[in-house]
Amino acid sequence: MPKGSNVAVPAPAVRIEIGWQSGPGVPDADASALLLAAGKVRSDADFVFYNQAAHTSGAVRYEGKRAEGGQTVDSLSVDLGRVEPAIETIVIAASADGGTFGQVPGLNIRVVDAASGAQIARYDSADASVETAFVLGELYRRQGAWKFRAVGQGYSSGLEGLATDFGITVDEPQQATPAAAPAPAPAPA
């Protein structure tokens, strides 16, 4: 499907697969999902990734990576029936580890019916360059039904830039504070 297009998602539960061609010099990528209400996460708990593998509602889960025919696939599962009513959009993103998405051949996202395995949608990203984080697509509610949109928006500021755009608080690196000068010794009496 072309960038910017959308398609209905008739399945009650889907698997989101982000795939790319593996090989020497190809950076690894990590899939993540951001659950949005009014365009932002409500808290850091609305960010699902390998270090926080399940949303508290149980609707979105990080499933992990597998090798599949020369390709690496990183997956998320989404039970659309369990998504809280306040959540309007689920952004599906990836971050590159050790390089940029311009170095990741065959980058794609697939939406698959969790029950039948039938492909509902596929978007192949062909225009990545210096980005280290990428929004590949999003699931969103429209008139009571779910749809998928191919997004293809990159961030050269990495996962931190992407996360900040959607309302996640990114801790500032701790800066060392200079030690206080010792108090002068009292003068001898």
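Before moving on, here are some points about what is shown:
- Gaussian network model of the chain, springs between alpha carbon atoms under 10 Å - residue of Val130, Val14, Val151 with greatest fluctuation: Val130
- Based on Cα contacts under 8 Å between residues 6+ apart, the chain shows a relative contact order of 27 percent.
- Residue among Glu63, Glu138, Glu84 with the largest mean-square fluctuation in a Gaussian network model of the chain, springs linking Cα atoms under 10 Å: Glu84
- Fraction of accessible area attributable to carbon and sulfur, the chain (%, probe 1.4 Å): 52 percent
- Each Lys or Arg adds one and each Asp or Glu subtracts one; over the other residues with Cβ under 11 Å from the Cβ of Ser157, this totals -3.
- Rolling a 1.4 Å probe across the protein heavy atoms gives the chain an accessible surface of 51 Å² per residue.
- Placing unit charges on the Cβ atoms only, positive for Lys and Arg and negative for Asp and Glu, gives the chain a dipole magnitude near 580 debye about its Cα centre.
- Electrostatic bookkeeping for Asp46 treats Lys and Arg as +1 and Asp and Glu as -1; over the other residues with beta carbon under 15 Å from its beta carbon, the sum is -1.
- The chain - mean residue ellipticity at 222 nm from DSSP helices (-39,500 (n - 2.57) per run, n ≥ 4, rounded to 500): -1000 deg cm²/dmol
- Over 24 Å [Cα-Cα, the chain], rounded percent: 40 percent
- Neighbourhood charge, 15 Å Cβ-Cβ cut-off, centred on Phe166 and excluding it, Lys, Arg +1 and Asp, Glu -1: -4
The values are calculated or read from the model by the stated rules, or taken from the named source; none is laboratory data. What you see is a predicted model, and the numbers here were worked out from it, not measured in a lab. Don't worry about glycine lacking a Cβ; one is built from the backbone with ideal geometry, like all the others, and counts go over all protein chains shown. Ligands, DNA and RNA are stripped out before the accessible areas are found, and what is left, the full protein with its side chains, is counted by its heavy atoms. Shrake-Rupley method; radii C 1.70, N 1.55, O 1.52, S 1.80 Å.
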